[in-house]
Amino acid sequence: MKEEESRVIQFPHYWGNTPEQDYYNLQGIKSSKSFYTSPRGVKLFTRQWIPISHPPRGVIFMVHGYGNDISWTFQATPIFLAQNGFACFALDLEAHGRSHGLRAFVPNVDLVVQDCIFFFNFIKQNPQFQTLPSFLFGESMGGAICLLIHLADPEAFHGAILVAPMCKISDAVKPRWPIPQILTLVAKFLPTLAIVPTADLMVKSVKVEEKRVIADMNPCRYRGKPRLGTVVELLRVTECVSRRLCDVSLPFIVLHGSADVVTDPNVSRALYQEANSEDKTIKIYDGMMHSLLFGETDDNVEIVRTDILAWLNHRCKPSPDSPRN
């Protein structure tokens, strides 16, 4: 705990020492944070990033990945999107970031999906956003959750941005046989036990060494080994999603690095091929790793951002000002 506190004092935000509101003002957006209690009673930490120069032209509902949260490097993307005219909303998933729950223990992803649906629908009730096109955005595990949200309510969103979605856990990080079978058995009795043998996913996700240092400073990043119950549930969910790729019908863009060893780019290719969507786009970036929107070189991050923004611009009214790339 003292080590984490010293990190916060040394570097309170991923961008440095500038206070949050001052930083948002410098970026030309407004942002706020609050807690939302889901119908099942889980207290969830939320953030919003809103354009200030003009009314938003679309709403993006964002879901982070396993072990991550919405207050550190994840913010770079909604800040960029808000600068380009999109109102962005996100929540720390159960047991992640500042939301309630035993750290990184997610025994039932279906309940997490329902949490997201309730929160996103709550935001949609705001008259300011009711007539705007709405999109899902998910990174890694968040990409799988976005697909599950769509499968639960196929007509609720106008499209999805799926960044290295965890439709299948890569064999490079999945424990080898017979370890999964043993862990599944033990998980029935000790689901919260954090003993699953895996390498640090952050190291396998972030390419640029200096950015690894920044990512590691995140005081909310889960650093322990994966919990048995969470791993068993993620295996179940990813198998379920991979079997239902043909049921995906909303417009989407899926983006993946060819060098990703955390989630499998071949499953993103399968999603593109099998999905029933009439409007679908795939981008596979040669040599890029899992963290496309932060962990790559700045030039690579700009390439991915440009592709996402172009996809959104094609589906929304143009901004009164030229987009800020």
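Table for the structure above
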item: Residue within region 193-201 that is surrounded by fewer than 22 Cβ atoms within 10 Å (Cβ to Cβ) and touching an Asp or Glu at 6+ places or on another chain (Cβ under 6 Å) present; result: no
item: Test: residue in region 36-46 that is of a type in the set (Lys, Arg), within 30 Å of residue 237 (Cα to Cα) and out of contact with any strand residue (DSSP E or B) (no Cβ under 8 Å at 6 or more places or on another chain); result: yes
item: Every residue from region 85-101 that is on the phi < 0 side of the Ramachandran plot and in contact with a strand residue (DSSP E or B) (Cβ under 8 Å, 6 or more places away or on another chain); result: 86, 87, 88, 89, 90, 91, 92, 93, 94, 98, 99, 100
item: Yes/no for residue 82 being crowded, with 23+ Cβ neighbours inside 10 Å and either more than 18 Å from residue 292 (Cβ to Cβ) or under 19 Å from the mean Cα position of the chain (by Cα) (or both); result: yes
item: Residue match in region 247-264 (condition: modelled with pLDDT of 90 or more, over 14 Å from residue 168 (Cβ atoms) and β-branched (Val, Ile, Thr)); result: yes
item: Matching residues, region 108-144, being of a type outside the set (Val, Ile, Thr), in a loop (DSSP other than H, G, I, E, B) and over 23 Å from residue 167 (Cα atoms); result: 125, 126, 127, 128, 129, 130, 132, 133
item: Filter pass, residue 168 being on the phi < 0 side of the Ramachandran plot, modelled with pLDDT under 70 and surrounded by 12 or more Cβ atoms within 10 Å (Cβ to Cβ); result: no
item: Test: residue in region 102-115 that is within 24 Å of residue 251 (Cα to Cα), of a type in the set (D, E, K, R), at pLDDT 95 or above and touching a His at 6+ places or on another chain (Cβ under 7 Å); result: no
item: Output for region 261-297, where each listed residue is over 22 Å from residue 81 (Cβ atoms) and acidic (Asp, Glu); result: 264, 274, 278, 286
item: Residue 307 being within 18 Å of the chain's Cα centre (by Cα), over 23 Å from residue 93 (Cβ atoms) and among the charged types (D, E, K, R); result: yes
item: Residue selected from region 296-323 under the condition closer than 21 Å to residue 136 by Cα and not in a helix (DSSP H, G or I), by the criterion modelled with the lowest pLDDT; result: 323
item: Qualifying residues in region 75-131 (those that are β-branched (Val, Ile, Thr) and free of Cβ contacts under 8 Å to residues at least 60 places away in the same chain) - the one nearest to residue 144 (Cα to Cα); result: 113
item: Residues (part of a loop (DSSP other than H, G, I, E, B) and either touching a residue at least 60 places away in the same chain (Cβ under 8 Å) or surrounded by 24 or more Cβ atoms within 10 Å (Cβ to Cβ) (or both)) located in region 254-268; result: 260, 261, 262, 264
item: Residues of region 19-47 that turn out to be more than 20 Å from residue 62 (Cα to Cα), free of Cβ contacts under 8 Å to residues at least 40 places away in the same chain and of a type outside the set (Gly, Ala, Ser), as a count; result: 6
item: Positions within region 223-248 being small (Gly, Ala, Ser), more than 15 Å from residue 67 (Cα to Cα) and more than 20 Å from the chain's Cα centre (by Cα), in sequence order; result: none
item: Checklist (1) over 27 Å from residue 313 (Cα atoms); (2) crowded, with 21+ Cβ neighbours inside 10 Å applied to residue 101, failing item; result: (2)
item: Counted residues, region 202-246 - those being in a helix (DSSP H, G or I) and either within 19 Å of residue 106 (Cβ to Cβ) or small (Gly, Ala, Ser) (or both); result: 18
item: Residue match in region 255-271 (condition: among the charged types (D, E, K, R) and within 17 Å of the chain's Cα centre (by Cα)); result: yes
item: Test: residue in region 90-107 that is of a type in the set (Lys, Arg) and part of a strand (DSSP E or B); result: no
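The values are calculated or read from the model by the stated rules, or taken from the named source; none is laboratory data. Just so we're clear, the structure is a prediction, and the values are computed from it rather than from any experiment. Backbone-built Cβ (ideal geometry, glycine too); neighbour counts: all protein chains shown.
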